[in-house]
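Q: Can you read through this structure? Questions will come right after.
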Amino acid sequence: MNDQQGKRISSGVIAAVSAAVVAVGGGVAWLTANTNSPTQSTPSQRIQQPYNTQPGNEQTTNVYWLKTNEKSIELVPQPIRVASVRPNQVLEQAFQSLLAGPTEGTNSTTIPQGTKLLGLKAENKDEIHVNLSEDFTSGGGSTSMVGRVGQVVYTATTLNPNAKVYIEVNGKPLEVLGGEGVEIEQPMTRESFKREYPL
């Protein structure tokens, strides 16, 4: 009877050890098969990489408002942070902020409420085409007209102060602005704006 118990224990121990060896061997084989060398990447890794967000995609740009002093009106910048992923996105976001209106109490705008950005194209950042809705041309006297043109020119050239700006309304070049007939010479730069349209 003792001999039979010994045989049973020996068989159980052998079965357990065999199972453990198979499990460990299978685990090692699985790890070896699924471990990549540092230079290899699996298809799932390649798919995921483009979706990683890279730090440093934010840029600071300026939106230009009008500020009245005792003797004159001046264009003043307000820095904003913009997350940019595609070309022109920084300027597009700057114009969306400009058209939404100022957030600081001391600054103002003469761009009519409801003006929309219909398109923006920056060619090598040296030429910027800004297409605005017809609301841009409504209301205000000559000072208001000149002020809003200045806001557009300065905001458009925030990334390149020497760039040339072309202003369009509903896709057509803006030649005359408002009932008082302010003539708009295009292209316009910051330098030509200061020279031709003093505020």
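Q: What does the charge count around K164 come to, taking other residues whose C-beta lies under 12 Å from its C-beta (Lys +1, Arg +1, Asp -1, Glu -1)?
A: On the way: positive: K125, R190; negative: E123, D126, E127, E185, E191.
Once all neighbours under 12 Å are counted, the net charge is -3.
Q: Excluding R81 itself, calculate the net charge of residues whose Cβ lies under 15 Å from the Cβ of R81, where each Lys or Arg counts +1 and each Asp or Glu counts -1. Don't skip to the answer; put the middle values down first.
A: Working: positive: none; negative: E58, E92.
Residues close to R81 contribute a combined charge of -2.
Q: Between A94, G114, S133, whose Cα lies farthest towards the positive end of the dipole of the stretch 84-135 when Lys and Arg beta carbons carry +1 and Asp and Glu beta carbons carry -1, centred on the Cα centre?
A: Checking the options against the dipole of the stretch 84-135, the answer is A94.
Q: Any idea what log10 I(q)/I(0) is at q = 0.14, 0.22 Å⁻¹ for the stretch 58-196, Debye with uniform C-alpha scatterers and no solvent?
A: Each listed q maps to, in turn, -0.58, -1.59.
Q: If you don't mind, there's one more thing I want to ask. For D135, D126, which order do you get if you count the other beta carbons within 10 Å of each Cβ and list the fewest first? Write out the running numbers ahead of the final one.
A: Numbers: D135 15, D126 10.
Ordered from fewest to most neighbouring Cβ atoms within 10 Å, D135, D126 come out as D126, D135.
Q: Let me ask something additional. When T155, T137, T60 are ordered from fewest to most other Cβ atoms inside 10 Å of their Cβ, what list results?
A: Values: T155 26, T137 19, T60 10.
Taking fewest neighbouring Cβ atoms as first place, the list is T60, T137, T155.
Values in this text are rule-based calculations from the coordinates and carry no lab data. These numbers come from a predicted model, not from an experiment. Glycine gets a Cβ as well: all are built from the backbone with ideal geometry, and neighbour counts include every protein chain shown.
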